[in-house]
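Colleague: To start, I am sharing the structure in question, which I have written as structure tokens.
The values are calculated or read from the model by the stated rules, or taken from the named source; none is laboratory data. It should be emphasised that the depicted structure is a prediction, and the values quoted were computed from it without experimental measurement. Glycine also receives a Cβ, built like all others from the backbone with ideal geometry; neighbour counts cover every protein chain displayed. Heavy atoms of the whole protein, side chains included, go into the accessibility calculation; ligands, DNA and RNA do not. Shrake-Rupley method; radii C 1.70, N 1.55, O 1.52, S 1.80 Å.
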Amino acid sequence: MADNSHHNSINKVSFAGLLISLGIVFGDIGTSPLYVFKAIMGQGAIQKDLVLGGLSCVFWTLTLQTTVKYVWITLRADNKGEGGILSLYSLVRKRAPWLIFPAMIGAATLLADGMITPAITISSAIEGLDLKFPGLPTVPIVVTIISLLFIIQRFGTSVVGKVFGPLMTIWFTIIGVIGLSHLHLAPEVMKAINPYYAFHILITYPHSLLLIGAVFLCTTGAEALYSDMGHCGKNNIRISWIYVKITLILNYFGQGAWLLTQEGRVLGGENPFYSIMPDWFIGYGIAIATIAAVIASQAMISGSYTLISEAVRLNIWPKVAIRYPSEHKGQLYVPSINLILWVGCMIVIWVFEESSRMDAAYGLAINLTVLMTTILMGYFLAMKKVNRVLIAIFLVAYFVIELTFLIGNGVKIAHGGWLTLLLATALFGTMYCWYTARKIKNRFVNFININKYYPIISELSEDKSVPPYASHLVYLTSANFKSEIEAKIIYSIINKKPKRADVYWLVHVDVMDHPHTKEYSIDQLIPGKLIRVDFKLGFREEQRISLLFRKVVEEMVKKGEIDITSQYDTLRKHNIPGDFKFVVLEKVLSKTNQMTWIEKVIMDIYGYLKKMSLSEEKGFGLDSSFVTIERVPLNFPQTSEVHLIRKD
């Protein structure tokens, strides 16, 4: 019920919602005019065909890729108000097991994009200072701004976030007005709306693949647009996009009109974005561009935190510390990712130095993300029983468009795209090893029928010859069915060291496809002696099992379903509750001939990742003062493999 009420309220169109969407959702795509035309024109002389053709490509890319695919179609993949590639995967993951791979590729490349976005946007904005202060070294300024941006993340950005909307409204209005003021210089620029010019330049231009890669930069924020749907709702995004697209088109066409007046001239390092600004406004323009670039970077950083928190819940990323620096809904801070993103940004700046050299690395990352989204969307549309012909048209059209862009971006691999692939491969490798290692471990987990152990557990609870271990003993179980239990839990209770308790608890956590589900159910397997609690938590919910479990026990006590009073005579006399102890089984997998060499390599990598990740008790939000860790082997080497000779 809470899910639906939140879903409905966030999808209501409101002035506040429209303002928030301008501040959060469109930061990345809204700063694209800073570098798109500079990348399209390159270092050669300005040609009329290139200006009109490039502009036509930009117009139709924004229309087909951003408006039609994302704003109109992809926003329909609404997971209880939440969006993003992992939210989309959660909707369709039951359709085919292999869909985890496009989801991981998309997530990894989106994180790589989170490293490049701050570097290219802030560099593009700050490089405008060269107009006022020729020869000024801008790299130290860029490094300082980006470093400060990452430092303030730990304190929360909800207060700053409140001014994002008004600031980005100013930004879009300014770039739209400046672009509009230049259209009269060359009215023929409006011809670029005709797709003929796009096709003509792609067929005749000798460097058309490089041009395609440059044009793609105009739509790089489209995936972020979908990822941020949960902050302001799809209806607010759709309506505010109308204003955003108009201002973007006006600015691009204004730059195009100015370029047509400069035909034959070599731009060199000059940026058309700043060239169309009046001289008296340059200083203000650089300031507002820098603010817009910081806002765009902040949106990508916040989106990366959300992405990682989802990846942890879906078991495709190591458990990491996730903090909540403010009361603002959805406000996360992930220290480890903050450091990874900052290091990634510094590497990008160190390798490329100038924004004009960064665009080669930029488009490739997000290109792979949008391609993976198309694959997942095909399954989503099938799940929604959309006409198969329409699904085929959607898939063919966008595979052609996005694979063409991918070829164009692929040409830039040698010019910097290699860094994107390197960063994305490292991130994907982490996800793949973590996910696969868990699958390998699960292969060795042995589930047994718990019913036959009811008598012995009941007797053990009353056996005074066994010293009491705890009043309430709690185990986390991965068994999906209440009739099953891991053999290692029974081994821990009965064999390893018999553990007498008044009540044994089994707690199971099921991560749901919905983002904000918070439900539980109770099964009294042995009334008053063995109780199973099943939590159903959304993939965006914090797994604070200690707190959630305590709440469940309190409600059971209120309803008279359980008596938690201590069985010790003195404590019972004073009506004092018994103690609770969690036992966390750390499953150790020995290398055996049952694993292939590649599986052994994956388990080695998993071992290193495990050391750097949160422990099981911290990952599940358990209070360490009430937790006992037991290391248990998942597999034993077979004695049949051992050959001994006995000598008397």
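Colleague: Give the long-range amide H neighbours of Phe582: residues separated by 5 or more places, or on another chain, with amide H under 5 Å away, using H modelled in the peptide plane at 1.01 Å from N.
Modeller: Result for Phe582 returns Val474, Val627, Thr628.
Colleague: Considering only C-alpha atoms, what is the centroid distance from the range 213-260 to the range 484-519, in Å?
Modeller: Here the two parts' Cα centres lie 49 Å apart.
Colleague: Let me ask something additional. Taking Cα atoms, how many degrees apart are the long axis of helix 139-151 and the longest axis of the chain, rounded to 10 and kept between 0 and 90?
Modeller: So the inclination is approximately 30 degrees.
Colleague: At a probe radius of 1.4 Å, what is the per-residue accessible area of Phe164, in Å² to the nearest 10?
Modeller: 20
Colleague: Now a separate question. Are there GluC sites (Glu not before Pro) in the range 170-269 that DSSP puts in a loop and that have at most 14 other Cβ atoms within 10 Å, and which ones?
Modeller: Sites meeting the loop and neighbour criteria: Glu263.
Colleague: I would also like to ask the following. Can you give me the C-alpha center-to-center distance between the range 380-420 and the range 86-137, rounded to a whole angstrom?
Modeller: 17
Colleague: Which entries in the list Lys497/Lys600; Lys94/Lys536; Lys518/Lys559 go over 27 Å, if you measure between the two C-alpha atoms of each?
Modeller: Working: Lys497/Lys600 31 Å; Lys94/Lys536 17 Å; Lys518/Lys559 20 Å.
Correct reply: Lys497/Lys600.
Colleague: Under 1.5 on a/c is rounded, so check that first for the range 165-239, then, if it is not, pick prolate when a/b is larger than b/c and oblate when it is not; a ≥ b ≥ c are the square roots of the alpha carbon gyration tensor eigenvalues.
Modeller: oblate
Colleague: Considering only protein heavy atoms, with the full assembly of protein chains and a 1.4 angstrom probe, order Ile448, Ile301 by accessible area, largest first.
Modeller: Values: Ile448 35, Ile301 0 Å².
Order by accessible area, largest first: Ile448, Ile301.
Colleague: If you put +1 on each Lys and Arg Cβ and -1 on each Asp and Glu Cβ, how big is the dipole of the range 495-597 around its Cα centre, in Debye rounded to 20?
Modeller: 460
Colleague: Return the equivalent ellipsoid semi-axes of the range 94-235 as a descending list in whole Å, where each equals the square root of 5 times an eigenvalue of the C-alpha gyration tensor.
Modeller: After diagonalising the Cα gyration tensor, the semi-axes are 30, 27, 19 Å.
Colleague: Between Lys518 and Ile605, what's the calculated FRET efficiency when r is the beta-carbon distance and R0 is 35 Å? Round to 0.05.
Modeller: 0.55
Colleague: Tell me, what ³J(HN,Hα) does each residue in the range 81-93 have, in order and in whole Hz, if you take phi through Karplus 6.51 cos²θ - 1.76 cosθ + 1.60 with θ = phi - 60° and put x for Gly and Pro?
Modeller: Along the range 81-93, the couplings run x, 9, x, x, 5, 6, 5, 5, 4, 4, 6, 10, 4 Hz.
Colleague: Can you sort Leu376, Leu210 by solvent-accessible area, 1.4 Å probe, largest first? Please list the in-between numbers first.
Modeller: Working: Leu376 0, Leu210 75 Å².
These residues rank, largest area first, as Leu210, Leu376.
Colleague: Note down the Stokes-Einstein diffusion coefficient of the range 330-396 in µm²/s, whole number, using a Kirkwood radius over alpha carbon pairs, 25 °C, and 0.890 mPa s.
Modeller: Result for D is 161 µm²/s.
Colleague: Rounded to whole Hz and in sequence order, give me ³J(HN,Hα) for the range 479-495 from the Karplus expression 6.51 cos²θ - 1.76 cosθ + 1.60, θ = phi - 60°, writing x for Gly and Pro.
Modeller: For the range 479-495, the Karplus curve yields 5, 7, 10, 5, 7, 10, 7, 5, 4, 5, 5, 4, 4, 5, 6, 9, 9 Hz.
Colleague: Under the 0.36 nm per residue contour assumption, what length would be gained going from the current alpha-carbon distance of Phe155 and Ser465 to full extension?
Modeller: 106.2 nm
Colleague: Whenever you get a sec, line up Val320, Val177, Val343 from highest to lowest accessible area (probe 1.4 Å, protein heavy atoms).
Modeller: Val177, Val343, Val320
Colleague: Over all alpha-carbon pairs in the chain, figure out the percentage whose distance exceeds 41 Å. All intermediate terms of the calculation are to be shown ahead of the outcome.
Modeller: On the way: 75403 of 209628 pairs.
Value for the chain (Cα pairs over 41 Å): 36 percent.
Colleague: Run lengths n ≥ 4 of DSSP H only: what is the helix-derived mean residue ellipticity at 222 nm for the chain, with -39500 (n - 2.57) per run over all residues, to the nearest 500?
Modeller: About -17000 deg cm²/dmol.
Colleague: Over the range 517-586, what is the mean sequence separation of C-alpha contacts under 8 Å (at least six apart), divided by residue count, expressed as relative contact order in percent?
Modeller: Worked out over the range 517-586, it gives 18 percent.
Colleague: Out of the range 440-523, which chymotrypsin sites (Phe, Trp or Tyr not before Pro) are coil in DSSP terms and have no more than 13 other C-beta atoms within 10 Å?
Modeller: Taking the range 440-523 and a limit of 13 other Cβ atoms within 10 Å, the loop chymotrypsin sites (Phe, Trp or Tyr not before Pro) found are Phe481.
Colleague: Here is a further query. Quick one: compute the contact order of the range 275-423, relative version, from alpha carbon pairs under 8 angstrom and 6+ residues apart, as a percent.
Modeller: 21
Colleague: Let me ask something else about it. For the range 172-319, report the % of Cα-Cα distances exceeding 28 Å. Present the calculation step by step, with values, prior to reporting the outcome.
Modeller: Details: 3801 of 10878 pairs.
Tail of P(r) above 28 Å: 35 percent of Cα pairs.
Colleague: Here is a follow-up. Sequence gap at least 6, Cα distance under 8 Å: using those rules, report the relative contact order of the chain to the nearest whole percent. Walk me through the intermediate numbers first.
Modeller: On the way: 1035 pairs, mean separation 124.2, N = 648.
Normalised by residue count, the contact order of the chain is 19 percent.
Colleague: Could you state the accessible area per residue of the range 271-403 in Å², with a 1.4 Å probe and every protein chain left in place? Working shown, then result.
Modeller: On the way: 5050 Å² over 133 residues.
Per residue, the range 271-403 has 38 Å² of solvent-accessible surface.
Colleague: At 1.4 Å probe size, what's the solvent-accessible area of Met190? Round to the nearest 10 Å².
Modeller: Looks like 90 Å² after rounding.
Colleague: Continuing with the same structure: Taking all protein chains in place and a 1.4 Å probe, what share, in percent, of the accessible surface of the chain do carbon and sulfur account for?
Modeller: 62
Colleague: Once you compute Rg and the Kirkwood Rh from C-alpha atoms, what is the Rg to Rh ratio for the range 538-584?
Modeller: 1.10
Colleague: Rounded, prolate or oblate for the range 15-59? Axes are the square roots of the Cα gyration tensor eigenvalues, ordered a ≥ b ≥ c, and the cut-off for rounded is a/c under 1.5.
Modeller: Judged from the Cα gyration tensor, the range 15-59 comes out prolate (a/c at least 1.5, a/b above b/c).
Colleague: Still on this structure, I have one more. Net charge near Leu136: determine it from the other residues with C-beta under 15 Å of the C-beta of Leu136, scoring Lys and Arg +1 and Asp and Glu -1.
Modeller: Net charge in that neighbourhood comes out at -3.
Colleague: Can you pull the percent of Cα pairs in the range 507-637 with separation above 26 Å?
Modeller: Values: 3518 of 8515 pairs.
Every Cα pair in the range 507-637 considered, those over 26 Å come to 41 percent.
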